[in-house]
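No value in this document is a laboratory result; all are computed from the given coordinates. Bear in mind that the values here come from a model prediction, so they are computed numbers and not experimental data. Glycine also receives a Cβ, built like all others from the backbone with ideal geometry; neighbour counts cover every protein chain displayed.
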Amino acid sequence: MRYKIAILTSTIALTVGIHYGWILEPIFGEQHWIHAIHGRFCYIPIVLGASWFGIRGGLIVAATISVSVLPFILSSALGEHNLWGELVEIIFYFAIAVLTGWIIERELSLRKKHEETTLQLEKAHKLSLIGQMTASVAHEIKNPLASIKGGLEIVLDKDTPETEKKEFEQIIFGEIQRMDNTIKEFLDFSRPKEVRTEKLDINAAITTVAKQLQKQADENNISINYNSHGPHFIHGDKEKIQQVLLNLILNALEASPNNSEILITARQKDNKIIIDISDTGAGIPKDTLEKIFEPFFTTKSSGTGLGLAVVKTIIENHHGMITIDSGSSGTRVNLSFSAYKG
C-alpha cells in the first residue's frame, strides 16, 4: 500500500512539475511538445490510481492533478480557445478515472464471483465424495458383517460338526481381514500418511511384492516374470511404493486368464526409472479407462474403488507419473520416477 502511494505521489508531482515548467523547460526552453507530453503523462497516475484503488482512487488522483494545475491555467494569459481546451482536458482526466476504475472493479467483481463459484463447486465435490464414501463404507462393511454373523451362529451351534466349525472360522477370519483392508483403503485415501523418502531399491521392492503374490499366481497357473536392466534406485517411501506395486500387480493378476504371464520390467532412461507392468487380459474399455483413477469408481462387484486413486496420489507425492495403455491384447501400466541422485 505505501509503495503504491509513493509511486502515485511521485508521478503526480512529476506531471505537475512538467505543467508548471519546472522540469523540462529549464533544459529545453519553451517548446510546444512539452505541453503535449504533460497532457499525455497526466493519464499515467490516473490510470494507476484507478487500477490499484478503483474508481475512488482514480477520481482522487484526477482531482489532485486538476486542483494543482488549475491555478496555473486560470492565471495564464491563455486565449479563450486554449482555456476551454485545458478545461476539457481536465474533464477527460475524470472520465478516464471513472472508465478505468469501472473496468477494474468489474473485472475484480467477476474474478471474485468466479472464485466463489469455484469454492462452491469444490465444497459440492467434497460433499459428494463424503456421500460416496459413506455409501461405499456401508456397502463394504455390511456384507462381511452379515457373513460374520451367520458364521458365528453356525460356529456357536452345538450341533455343528467340528470340521464345519473350522471351515466357518476361516470364513469369519477372512471377512474380518476384508473389513480391515477396506478400512485401510479409506484411511489411505482420506488421511494419507506423510511420505518419508529414502534410497529405495526398486529391484528389491518388485521382487518382494512378486513373492507375496506368488501363491495367488500359482493357483491360476499365472507366471510373474521380472526383467531388470541393472540396479535401479529412487527417492521413495518403501511402504508406499510396495503398496503401489502390490495394487497394480494384483490388478494384473485379476485381469489375467489362466496359463498366462505378467511381465514386469525396469529400466533407466536419462534420469528416470521406468517400470512397466503388462498382462494379457481382455483389456480395459476406453470409457472405463478415462475414469479409472476417479475415487469410488469400480467395475468390480465388490471393492471400494479407491485402489487406483490411492496409487495415483502416492505416485504424485513421489513426483512420479503413471499412465495406463490398454487394448484387446492386454494392459500395460507405466510408472516413472526420478532416479536416486545421492
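Enumerate by residue number the trypsin sites (Lys or Arg not before Pro) in segment 233-342 meeting two conditions: DSSP loop (anything except H, G, I, E, B), and at most 16 other Cβ atoms within 10 Å of the site's Cβ. For trypsin sites (Lys or Arg not before Pro) across segment 233-342 that sit outside H, G, I, E and B with at most 16 neighbouring Cβ atoms in 10 Å, the list reads LYS291, LYS300, LYS341. Segment LEU121..GLU107, full-extension length gain: 3.0 nm, with 0.36 nm per residue of separation and the alpha-carbon distance subtracted. Around the amide H of HIS232, modelled in the peptide plane, lie the amide H atoms of ILE202, ASN203, all under 5 Å away and 5 or more residues distant in sequence or on another chain.
Of all lysines in the structure, those lying under 25 Å Cα to Cα from LYS4, and not within fewer than 8 positions of it along the same chain, are LYS112. Look at the alpha carbon pairs under 8 Å that are at least 6 residues apart: their mean separation over the length of segment 131-190 gives a relative contact order of 42 percent. Annotation for segment 139-231: trypsin sites (Lys or Arg not before Pro) lying in DSSP loop with at most 16 further Cβ atoms inside 10 Å of their Cβ are LYS158, LYS193, ARG196. Close amide H partners of LYS272, meaning residues 5 or more places away or on another chain with modelled amide H under 5 Å apart, are ALA339. The chymotrypsin sites (Phe, Trp or Tyr not before Pro) of segment 239-342 that DSSP puts in a loop, and whose beta carbon has at most 16 other beta carbons within 10 Å, are PHE293, PHE297.
Indicate the gyration tensor shape class of segment 276-342 (rounded, prolate or oblate), computed on the Cα atoms with a ≥ b ≥ c the square roots of the eigenvalues: a/c under 1.5 is rounded; otherwise a/b larger than b/c is prolate and the rest oblate. Don't skip to the answer; put the middle values down first.
Values: a/c = 2.62, a/b = 1.40, b/c = 1.87.
Oblate.
Inter-label distance, SER228 to SER68: 7.3 nm, where each label sits 7 Å from its Cα along the C-beta direction.
Going by the alpha-carbon gyration tensor, a ≥ b ≥ c the square roots of its eigenvalues, is segment 177-294 rounded (a/c under 1.5) or, if a/c is not under 1.5, prolate (a/b greater than b/c) versus oblate? Judged from the Cα gyration tensor, segment 177-294 comes out rounded (a/c under 1.5).
Cross-link check: pairs LYS215/LYS312; LYS240/LYS272; LYS149/LYS291; LYS240/LYS300; LYS113/LYS312 evaluated at a Cα-Cα cut-off of 30 Å; pairs beyond the cut-off: LYS149/LYS291; LYS113/LYS312.
Compared with the alpha-carbon gap, the fully stretched path from MET321 to ASN220 is longer by 33.3 nm at 0.36 nm per residue.
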